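Report on one structure; see the data block that follows.
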2 protein chains.
Amino acid sequence: MSQHEGDDHAAEEEQHVGEDAERERHASAMSTESLLAASDNVEEVHGGTQSSHRLLAYSDALLSIIATVMILPVAHTKMQGDEELDENLQLLLGTKLAVYLMTFLIVTVAWAAHIRLFQVIVRIDDTLALLNLACMMLITLLPYTFSLMATFPSHILGILLFCGCVMVIGLIQSVIVLYAFGRPFLLQDQIQACEDRTVCRHHILKVLLRVPVMCLLAAVCSFFCYQLSYVLLALVIFLPYISQGVLWCRDKLLGPVEEDPEQVMFYTFMPSEPLSKERVEAFSDGVYAIVATLLILDICEDNVPEPATVRQRFNGSLVAALRPYGSDYLAYLGSFATVGLLWFAHHSLFLHVVQATRLMGLLNTMSLAFVGGLPLAFRLTHELPHAASRDERRAVQAACVLVFGAGAFQLATWVAALQGSGQRTLRPAVRYGGPEHVFMLAKLTLYPAVALTAFLLTCALSRFSATIFHLMEIATPLAFLLLRLTVRVVLALLRRLFGPQRRQTLNGEENICSGVPFNPLLIG
Amino acid sequence: MSQHEGDDHAAEEEQHVGEDAERERHASAMSTESLLAASDNVEEVHGGTQSSHRLLAYSDALLSIIATVMILPVAHTKMQGDEELDENLQLLLGTKLAVYLMTFLIVTVAWAAHIRLFQVIVRIDDTLALLNLACMMLITLLPYTFSLMATFPSHILGILLFCGCVMVIGLIQSVIVLYAFGRPFLLQDQIQACEDRTVCRHHILKVLLRVPVMCLLAAVCSFFCYQLSYVLLALVIFLPYISQGVLWCRDKLLGPVEEDPEQVMFYTFMPSEPLSKERVEAFSDGVYAIVATLLILDICEDNVPEPATVRQRFNGSLVAALRPYGSDYLAYLGSFATVGLLWFAHHSLFLHVVQATRLMGLLNTMSLAFVGGLPLAFRLTHELPHAASRDERRAVQAACVLVFGAGAFQLATWVAALQGSGQRTLRPAVRYGGPEHVFMLAKLTLYPAVALTAFLLTCALSRFSATIFHLMEIATPLAFLLLRLTVRVVLALLRRLFGPQRRQTLNGEENICSGVPFNPLLIG
């Protein structure tokens, strides 16, 4: 089986992207041993033993569905008529969207905690699998308890249910930790090799139980003063960020504190803490997949007319009966294509990521939160009557803002990965000066740029906002297909225009230009 | 990083399951090179190059959602009252369930074709990724066109839309094949190394275009005689099985035909053709995850009462307002637990699978189709008033049948894997005589046995059917937790009872007993 016989000469750079990545990863793992070893070992072990791989994939699928579920009540809020849209939009934006965003945040916090836990426990057995399933079941209840809480802010039942769920989740996770530390072969190799495992266990339990304890406090408080409970619950969600901020301030004021190097590896809340790239991908895939198909769920259920209706009202003409649904189909196609292409950009980006960090995970989550709103925006855009151009313009602008947000946070994820030249996080091809750098930039800026342009155009030409939007829907997939070509043409033009001068400059002062992105392409 | 230092002595067999699997896989790959090489290479390559891994995971997620979506219209059919349940059940079982099952079948056929295609094309580039997304978008439209067809069987519009979708999908897949054969480094190594690639391409295109051509015929036929179209479409779905049956008959009648060994590897329709284990897992995970959370989708949307209603009708008591929803919560918990545990059994099984085959994939799909109906059955079971004991019994029995079907087909998957002693398909631990064999048997028979018992009990004690069902819901998770213990106790008892005699027999006639499952455990 001659694996690469006779294709090397034909292959373009991008086809061997992953292979390089593999080599690169091994190389970098060798050099920056201390930090990468942990996560690298995890992956090696994932292939072997009763690997937790599939358990985690299933958990990611469940969590991603739950995170995006709360957009459904928003999407199903019926628009009554033209004159009421403003109020409805107020209502939507005011409560339901807030519920959706908060649920998304809560579930992703739970997801991040789950990742952290299973970066320490890298092998599982049947008991752990069952405990994890119980934990998942409770997490899936969180959105419902939260929406009760949001709908009835002054009833303590919602608060109690929510806190109860979180406390039980915390307890189950503590049991998981205790169980795993009782069977050290389930643990990460570094902790396994560590002599003082009790310290590790203590540290993890302390971090883990912080949240349930806060919730217990909030639950007790709710009997006296429910407003205080909300403050406490808000603290729970933002606790990681707050504690990190406090640590940062302390470091700045008192100088960095020397910590036990064994402990820094996990359960820190530093933005540079490694995050399983595999799980970020799995969670994102789940969100993109469920969001892409959200509208077909509705279409399959609502858009098949009754046979009796067709016979009586449309004289048996199915085409006539289906015509009113036309906008729904278009909305589905538009949202599927947009979500699909955003997935494609995400896929291209993570193909070049070697190691994800917590900061990248956070930015990625923000991007996903915008993606979750897309089906709603597209439905609004296609459903609103063309007469009421002001409302239509609003809907189009909302869609543009969502697309822009989703794309911009993807770009931000890449920029976060590029920080510190992306030594640990990115493959060299897309780092500053890498051969794929410009192309990646083009891929990730395409959607934000298109959305921004469309937004500005609708401000100027509000009468044609629908037309602009439809043009955007058709043009963007084509742009993606022709992107590589376009980038090459633009680069060739740039080279024509600036090439000779730049080469002269380069000869003189090579150091200055080494950070310029399209340097190698301009020269090559 | 001493990876396995000092844990070998503490580890039980099952914790090192995967490691053994890895070793075993490599060993078996060496020995039965000709057949396994292809699939093995695929996995190796998946790790490297611009791997198609994530594209396939995303496609699997999309397809699994689409396959299970059509249960929603069934689940949302409201039960009007006690006396109408019979008619409603007739209606449900008659049309909507049929639509669900057929959609499931169609999507899984499309999924199998997709697997087959991407077992040949093992690396991707941007163009292929975009083409694949277009293909996915059209596949997600299939359930809707199919339900139009089912609701309006005599309108040709449904047939035309369905055939149109299938034809465009076929065309896109042909374009993918042509594109990939134009860039041979994207192909499987075996085909890459093959000298006469045109033959392979021709073979693949012939198989691929068979379906669109049939659909074109069906579309043309629909203008003259739509009944004939349905016959043709049914042929399309069962074509693989028919052609395989024909081949099997030919082989039996004329003796096996010597085929080009290069070509037998892919696009045969033999039940032993290898199927990507990874993708079977990913698709199953998607189905299990979406089915587990189907009810929470409804709960989040429908079960939050209006603040005004609570104030007026329940005197502001939220607990009183939520009480009517109690059965929904129980149904959710019950269905989540059942689906979760079925996933757990599936997970345990596939942990020991080295190589999946088409037959295993088919049986697994049947199991998943039953799983898809579970939320509906659980909702019915919990929603029906306790007074109408006959309807309740029916609902409980339907739930038992679904659970039994799901579990029985999982068991069948294992039995299919065991065929021919499972040399290629299973790890030695769970083959006949392996140390984990009995335990796996217990895990996989638990649900069918419980469901069967519950079914029989409801027949005998129809008055207590609800109680029996609730007991089953509580007892099964406990049984799973205590399964290993129970199996050990039972085996110890068996050893006590039959051990001595058997050992005597064994000394005499060792050959006969070598196939007995719990042989080593009885002796050891």
Against the definition (open to solvent by 10 Å² or more (accessible area, probe 1.4 Å) and without any contact (Cβ under 8 Å) to a residue 24 or more places away in the chain), how does B:Gln355 come out, yes or no?
no
Condition (residue is among the polar types (S, T, N, Q) and over 19 Å from A:Ile290 (Cβ atoms)) applied to the range B:316-332: is it met by at least one residue?
yes
Picked from the range B:145-157 (must be open to solvent by 40 Å² or more (accessible area, probe 1.4 Å) and in a loop (DSSP other than H, G, I, E, B)), the residue nearest to A:Leu478 (Cα to Cα) is B:His155
Which residue is farthest from B:Gly334 (Cα to Cα), if the candidates are limited to the range B:446-466 and must be β-branched (Val, Ile, Thr) and open to solvent by less than 50 Å² (accessible area, probe 1.4 Å)?
B:Thr458
For A:Tyr325, only one of the following conditions fails: (1) under 31 Å from the mean Cα position of the chain (by Cα); (2) touching a residue at least 24 places away in the same chain (Cβ under 8 Å). What is its number?
(1)
For the range B:176-184, check the following and say yes or no: at least one residue is surrounded by fewer than 17 Cβ atoms within 10 Å (Cβ to Cβ), part of a helix (DSSP H, G or I) and modelled with pLDDT of 90 or more.
yes
With (1) more than 14 Å from chain A (Cβ to nearest Cβ); (2) more than 29 Å from the chain's Cα centre (by Cα) as the list, and B:Glu392 as the residue in question, which single condition is left unmet?
(2)
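Would a scan of the range A:288-307 turn up a residue that is more than 10 Å from chain B (Cβ to nearest Cβ), surrounded by fewer than 23 Cβ atoms within 10 Å (Cβ to Cβ) and polar (S, T, N, Q)?
No; the residues of the range A:288-307 include none that is more than 10 Å from chain B (Cβ to nearest Cβ), surrounded by fewer than 23 Cβ atoms within 10 Å (Cβ to Cβ) and polar (S, T, N, Q).
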Only residues that are at pLDDT below 75 and more than 20 Å from A:Ala150 (Cβ to Cβ): list them for the range A:79-121, please.
A:Met79, A:Gln80, A:Gly81, A:Asp82, A:Glu83, A:Glu84, A:Leu85, A:Asp86
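Pick out the one residue from A:Leu142, A:Leu138, A:Leu160, A:Leu131 that is closer than 22 Å to A:Ala61 by Cβ, assigned to a helix (DSSP H, G or I), in contact (Cβ under 8 Å) with a residue 60 or more places away in the chain and within 11 Å of another protein chain (Cβ to nearest Cβ). Explain how you work it out, then say what you get.
On the way: A:Leu138 fails: in contact (Cβ under 8 Å) with a residue 60 or more places away in the chain; A:Leu160 fails: closer than 22 Å to A:Ala61 by Cβ; A:Leu131 fails: in contact (Cβ under 8 Å) with a residue 60 or more places away in the chain.
After applying the criteria, what remains is A:Leu142.
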(1) modelled with pLDDT under 85; (2) within 13 Å of chain A (Cβ to nearest Cβ) all hold for B:Gly326 apart from (2)
Condition check: within 14 Å of the chain's Cα centre (by Cα), open to solvent by less than 10 Å² (accessible area, probe 1.4 Å), of a type in the set (A, V, I, L, M, F, W, C) and within 11 Å of chain B (Cβ to nearest Cβ). Does A:Ala345 satisfy that?
yes
Among the candidates A:Thr127, A:Thr140, residue that is open to solvent by 10 Å² or more (accessible area, probe 1.4 Å), β-branched (Val, Ile, Thr) and closer than 20 Å to B:Gly334 by Cα:
A:Thr127
If we keep only residues of the range B:358-380 that are open to solvent by 10 Å² or more (accessible area, probe 1.4 Å) and more than 14 Å from the chain's Cα centre (by Cα), then the residue nearest to B:Leu97 (Cα to Cα) is B:Leu376
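For the structure I just gave you, tell me whether B:Val166 is touching a residue at least 60 places away in the same chain (Cβ under 8 Å), open to solvent by 40 Å² or more (accessible area, probe 1.4 Å) and part of a helix (DSSP H, G or I). Steps first, please.
Working: touching a residue at least 60 places away in the same chain (Cβ under 8 Å): yes; open to solvent by 40 Å² or more (accessible area, probe 1.4 Å): no; part of a helix (DSSP H, G or I): yes.
It is false that B:Val166 is touching a residue at least 60 places away in the same chain (Cβ under 8 Å), open to solvent by 40 Å² or more (accessible area, probe 1.4 Å) and part of a helix (DSSP H, G or I).
Do the conditions hold for B:Cys221, that is, is it over 31 Å from the mean Cα position of the chain (by Cα) and buried (at least 18 other Cβ atoms within 10 Å of the Cβ)? First the steps, then the outcome.
Details: over 31 Å from the mean Cα position of the chain (by Cα): yes; buried (at least 18 other Cβ atoms within 10 Å of the Cβ): yes.
Criteria met by B:Cys221.
Evaluate the following for B:Leu186: is it within 14 Å of another protein chain (Cβ to nearest Cβ), free of Cβ contacts under 8 Å to residues at least 40 places away in the same chain and either within 30 Å of A:Glu301 (Cβ to Cβ) or among the aliphatic types (A, V, I, L, M) (or both)? If you could, list the steps in order and put the result at the bottom.
Details: within 14 Å of another protein chain (Cβ to nearest Cβ): yes; free of Cβ contacts under 8 Å to residues at least 40 places away in the same chain: no; either within 30 Å of A:Glu301 (Cβ to Cβ) or among the aliphatic types (A, V, I, L, M) (or both): yes.
No, not satisfied.
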With respect to B:Leu333, determine if the residue is within 10 Å of chain A (Cβ to nearest Cβ), open to solvent by 10 Å² or more (accessible area, probe 1.4 Å) and either more than 24 Å from B:Glu392 (Cβ to Cβ) or not in a helix (DSSP H, G or I) (or both).
no
If you take the residues in the range B:312-321 that are more than 22 Å from A:Thr103 (Cα to Cα) and within 10 Å of chain A (Cβ to nearest Cβ), which one is surrounded by the most Cβ atoms within 10 Å (Cβ to Cβ)?
B:Ala321
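The values are calculated or read from the model by the stated rules, or taken from the named source; none is laboratory data. These numbers come from a predicted model, not from an experiment. FYI the Cβ positions are ideal-geometry reconstructions off the backbone, even for glycines, and counts take in every protein chain you see. Calculation scope for accessible area: heavy atoms of the full protein, side chains included, ligands and nucleic acids excluded. Shrake-Rupley method; radii C 1.70, N 1.55, O 1.52, S 1.80 Å.
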